[in-house]
1. Within the range 656-679, track down each residue that is of a type outside the set (D, E, K, R), part of a helix (DSSP H, G or I) and more than 36 Å from the chain's Cα centre (by Cα).
2. Please find, among 699, 679, 730, the residue that is small (Gly, Ala, Ser), open to solvent by less than 60 Å² (accessible area, probe 1.4 Å) and within 30 Å of residue 481 (Cα to Cα).
3. Residues that are modelled with pLDDT under 90 and more than 33 Å from the chain's Cα centre (by Cα): which strands (runs of 3 or more DSSP E) entirely in the range 485-551 hold 1 or more of them?
4. Does at least one position in the range 161-173 carry a residue that is over 20 Å from residue 210 (Cα atoms), open to solvent by 50 Å² or more (accessible area, probe 1.4 Å), in a strand (DSSP E or B) and of a type outside the set (Gly, Ala, Ser)?
5. Among (1) in a strand (DSSP E or B); (2) free of Cβ contacts under 8 Å to residues at least 40 places away in the same chain, which single condition is residue 100 missing?
6. Just name the residue that is most open to solvent (accessible area, probe 1.4 Å) out of those in the range 567-589 that are under 18 Å from residue 543 (Cβ atoms) and among the acidic types (Asp, Glu).
7. Taking the condition of being of a type in the set (A, V, I, L, M) and in a loop (DSSP other than H, G, I, E, B), how many residues in the range 144-160 meet it?
8. Among the residues that make up the range 323-343, is at least one of them farther than 30 Å from residue 257 by Cβ, in contact with a Phe, Trp or Tyr (Cβ under 8 Å, 6 or more places away or on another chain) and modelled with pLDDT of 75 or more?
Amino acid sequence: MLPNYLKLAFRQLWRNRLFTALNVLGLSIGLAACWMIFQLVNYEFSFDADQPHRDRIYKVVSRFSFDGKESGNAGVPKPMAAAIRQEIGGVDMVVGLYGQWVQSLQVPQPSGKPLLFSGVEGVLATNAEYFQLVPYEWLAGTPAKNLTEPNEVVLTQSSAEKYFPSLTPEQMLGKTILYWDTLAVKVTGVVADLGRSTSFTGKEFLSLPTIQQGQWSRDFEEGWSGTGSNDQVYVLRAQSTDATRLAAKINALVSKKAKAIIEKSGGTSATYELIPLAEEHFNTFYEAQNRVVDKKVLIALMGLAAFLLALAVVNYINLTTAQIPQRAREIGIRKTLGSSRSGLVGHFLGETLLTTLLACGFAYVWTMTFRNSLGDLFPEGMDLYPNIGQTLFFMALLIVAVSILAGWYPSLLITRFQPTQVLRGQADVRIGKNSFSLRKSLIVFQFVIAQAFVIGAIVVNQQLHFVLESDLGFDREAVLTFRVPYELAEKEAYRNKHFVLKEEIKNLPEVGKVSLGNAPFSQGFASSTMIYEGSKGKVERNVYLKIGDVDFLQTYGIQLLAGRNILPSDTVREYIINETAMREFGFRTPQDAVGKFIGSSIPTPIVGVMADFHSSTFDRKIDPLAFYTQKDIGASFNIKLASNKPSDWQAGIRKMEALWKQTYPDAPFEYKFYDDMIAQYYESERRMTQIINLSTGIAILISCLGLFGLATLTAFQRTKEIGVRKVLGASIASIAGMLSKDFVLLVLIALVIASPIAWYFMEQWLADFAYHITISWWVFALAGLTAIVISLATVSYQSIKAALMNPVKSLRSE
C-alpha cells in the first residue's frame with residue numbers, strides 16, 4: 001500500500017513540476033533559515049551548560065556611576081580574591097583569574113636558537129583552586145601539586161603541542177618557557193582542552209605566586225583603587241548562602257579595605273555585583289575580554305526564522321490551493337471509487353511530507369552555501385562543538401510541524417467537492433468566493449512581512465552609511481597607524497627610538513604629518529574626576545583623557561577654537577579641553593575657558609579649547625575630554641599621508657617599512673588604515689545589515705512565489721470571463737491590467753499595515769544610537785514602489801498568458 005501511495009505522490013509532483021519546484025524552493029529556504037539560526041542559537045545557549053555546580057558559580061563584577069552615567073567592568077581590584085577568601089564565610093571556593101598580555105615568548109631549543117612566538121593569547125595567572133572549579137582532564141602532572149610555587153605553568157594540549165610538537169605530555173614536564181623573553185617558568189602540568197563551549201577560555205595558566213613577586217606584589221596588597229577587565233574573580237557559594245547577601249558582604253568588605261586608599265589616590269569607587277555563570281555569556285553591560293552576545297539579538301534571530309518559515313508555509317498553502325481547481329476531476333474520481341475523507345486528507349498530507357523532505361535536502365545545500373559565503377556572520381567556535389543529536393531532533397520536529405501546518409488546510413479544502421457535480425462538470429471549483437478570501441489574506445500577510453523587511457533594510461543601511469560617512473570632527477582619510485610593541489619599546493636597547501623613527505618618517509616626501517599618541521576614535525580610554533572652582537562654586541565632572549604629542553591636532557585636522565596648542569613637556573602641565581567639557585564646567589565661550597584651572601589633585605591650566613570630535617561609536621554622546629602631553633606618550637604612530645590618491649601610497653609605505661626595519665629589525669611592520677579601523681567598531685551593525693538584506697531578499701522571493709500561485713489560480717478561475725471579454729473586443733493590455741490591479745491593491749493594503757509596524761521597530765532600534773538618522777516618508781514610498789514593481793513583474797507572465805489565450809478554446813464548453 002505504501003509503495004502505491006509514494007508512486008502516486010511522485011507522479012502528482014512530477015505532473016505539476018513547476019509548482020513542485022516553487023514549493024520546494026520556498027520551503028527549502030525557510031527550512032535553511034531555521035536550520036542555521038537553530039545551530040547558532042543552540043551554540044550560544046550551550047555556553048557553560050555542562051559546567052559542574054553551574055547554579056552556584058558567580059562572577060564578581062564592578063559597576064561605576066558618575067554624572068548620572070553608569071558603566072560596567074568585568075574586572076575587580078586585584079586584592080579582592082584573597083580578601084573574600086580570608087574574611088567572608090559562606091563561600092566554598094574563590095578563584096582569581098588574572099589575564100596577562102604576553103607580546104613575546106621564547107621556547108629554548110637544544111640547538112641554541114629558541115622558538116619565538118608573539119601576541120600570545122589566553123595566558124592567565126591563577127591558583128590550584130581553578131582546576132577544582134573547572135575540571136580538566138590531566139594528561140601529565142598532578143592537580144594538587146600544581147601552581148603553588150613561583151615560575152610554574154600548566155599548559156592546555158593545544159598550547160603544549162605548539163611549543164613542544166615532538167614531545168609527549170609527560171616529556172613536556174620540566175621544560176622551560178620564557179614569557180616576555182625574560183621570565184623563565186617550568187611546565188608542571190598538561191591538560192586537555194575543554195571540549196565544550198565555555199566562558200573559561202584560558203590556554204596557559206601561570207602560578208599566581210609568579211606575578212605576585214617583585215614589582216607586582218604591591219598591586220595584590222594595596223591595589224584597591226584600580227580595576228582592570230583582565231582581573232576577574234569567581235566564587236562558588238555554599239548551598240545555604242544567599243547570593244544577594246553575599247554581594248552585600250563583598251561591598252562592605254571592599255568599602256572597609258579600600259576607602260582610605262581610593263580617597264588618597266583619587267580613584268573612583270564602585271559597587272560590586274554577582275552575576276550567575278549561566279548569564280555571563282549574555283551580559284553585555286560588563287566589558288570583558290571574552291565574546292558575549294545579547295539575548296535580545298538571539299530572540300530576534302529566532303523571530304526572524306519563525307517569520308521566514310511562516311512565509312514559506314503560507315507560500316505552500318497558496319501554491320497548493322491554486323492547483324486544487326485543476327485537480328477537481330481527480331478528487332471526484334477518488335471519492336467515487338470509495339476514498340474516505342480521512343484517506344484524501346492523508347494522501348495530501350503525504351504529498352506535503354514528501355515535498356518537505358525534498359525541501360529538507362535542498363535546505364542542507366542552502367545551509368552549506370550560506371555558511372561558506374557568509375561565514376563571518378557565525379561565531380568562530382560554532383563548528384568545533386556541533387550538537388548533531390539535537391540538530392537532527394530539531395529538524396525532524398520541524399519537518400513534521402511544517403508538513404502538518406502547510407498541508408492541513410489544502411487537504412481539508414479538497415473534501416468539500418461533491419463528486420457527482422464535479423464529474424458532470426457542474427461544480428463550481430472556485431476557492432474563496434467572498435470578496436477577501438483567506439488566500440488573499442495570506443498574500444497580504446506575506447507582503448506585510450516582505451515590506452517590513454524592505455523598510456528595515458533601507459533604514460539599517462542608511463544608519464550604517466551615516467555612522468561610517470559622517471564627519472567625526474577630524475580628518476581620517478589617508479591616515480595609517482601602527483605601534484611599537486610595548487615590551488620592545490621598554491627594552492633598554494630600543495628605549496626612545498620611536499622618537500627618532502618619528503622624525504625620520506616625518507622627512508619622507510610622501511608623508512604630510514606624523515604624531516605619536518592615542519588615535520581620536522578608539523574604544524580604549526582613561527578618565528579622571530576633575531574639579532573646577534569658579535565664581536559659582538565647585539563643579540565636579542568625570543573627564544575622559546586623550547594623550548598625544550604637539551603634532552596631534554594638526555595631524556588629524558582638529559580645529560582649535562580658542563587659545564593655543566600644547567607645548568612639549570615631560571609631565572602633565574596643561575590641558576586642551578573640548579567644547580563639551582567647556583559647557584560642562586560652565587564656561588559660556590571658548591575664550592572664557594582659556595586660563596582657568598581644572599584637575600583632580602593638582603590644578604592644571606586650560607590653554608586651549610578644541611572642537612568636539614567623536615572619540616567613540618555613535619551609540620554614545622560626545623563626552624567631556626581633556627587632551628594633554630607628556631614624555632611617556634607611548635609608541636602609537638598616526639601618519640597623515642601627503643596625497644589622498646591610493647595609487648601614491650605604496651611608495652611611502654615601502655619607505656616607512658624600510659625605516660622600521662632599520663630601527664626594529666626583529667619586529668614585523670604591521671600597519672592599518674585608520675578608516676578601516678573605525679569601520680571595525682561597527683562590525684555588529686555591518687553583520688546586522690547583511691542579515692537584514694539577506695532576509696529581505698528571501699522574504700520578497702517567497703512572497704512572489706505565493707503571488708505567482710494566486711495569479712495562476714485567478715487566471716484559471718476567470719478563463720471564460722477573459723474569453724468573453726476578448727470576443728467583445730477587449731485588448732490584451734486591458735485584460736492584463738484587469739488581472740493585475742487586484743494584486744496591486746493587495747500590495748498597497750500590505751504597505752498600509754507594514755509601515756507603522758516597521759516604523760515602530762526601527763525607531764526602537766535607532767534609539768540605541770545617540771546620533772542617528774530620521775526616518776523619512778520616502779522610505780515607505782520606496783518600499784511600496786519596490787513591492788508594486790516586483791509584484792507586477794511576478795503576475796505579468798500569468799496575466800499576459802491568460803490575455804493571449806484563444807477565446808474559442810476557453811468558451812468551447814459553452
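The values are calculated or read from the model by the stated rules, or taken from the named source; none is laboratory data. What you see is a predicted model, and the numbers here were worked out from it, not measured in a lab. FYI the Cβ positions are ideal-geometry reconstructions off the backbone, even for glycines, and counts take in every protein chain you see. Calculation scope for accessible area: heavy atoms of the full protein, side chains included, ligands and nucleic acids excluded. Shrake-Rupley method; radii C 1.70, N 1.55, O 1.52, S 1.80 Å.
1. 658, 659, 662, 663
2. Values: 699 fails: within 30 Å of residue 481 (Cα to Cα); 730 fails: within 30 Å of residue 481 (Cα to Cα).
When all the criteria are applied, what remains is 679.
3. 526-534, 537-547
4. Checking the range 161-173: not a single residue is over 20 Å from residue 210 (Cα atoms), open to solvent by 50 Å² or more (accessible area, probe 1.4 Å), in a strand (DSSP E or B) and of a type outside the set (Gly, Ala, Ser).
5. Result: residue 100 passes all but (2).
6. Once the filter is applied, the top-ranked residue is 584.
7. 1
8. No, the range 323-343 contains no residue that is farther than 30 Å from residue 257 by Cβ, in contact with a Phe, Trp or Tyr (Cβ under 8 Å, 6 or more places away or on another chain) and modelled with pLDDT of 75 or more.
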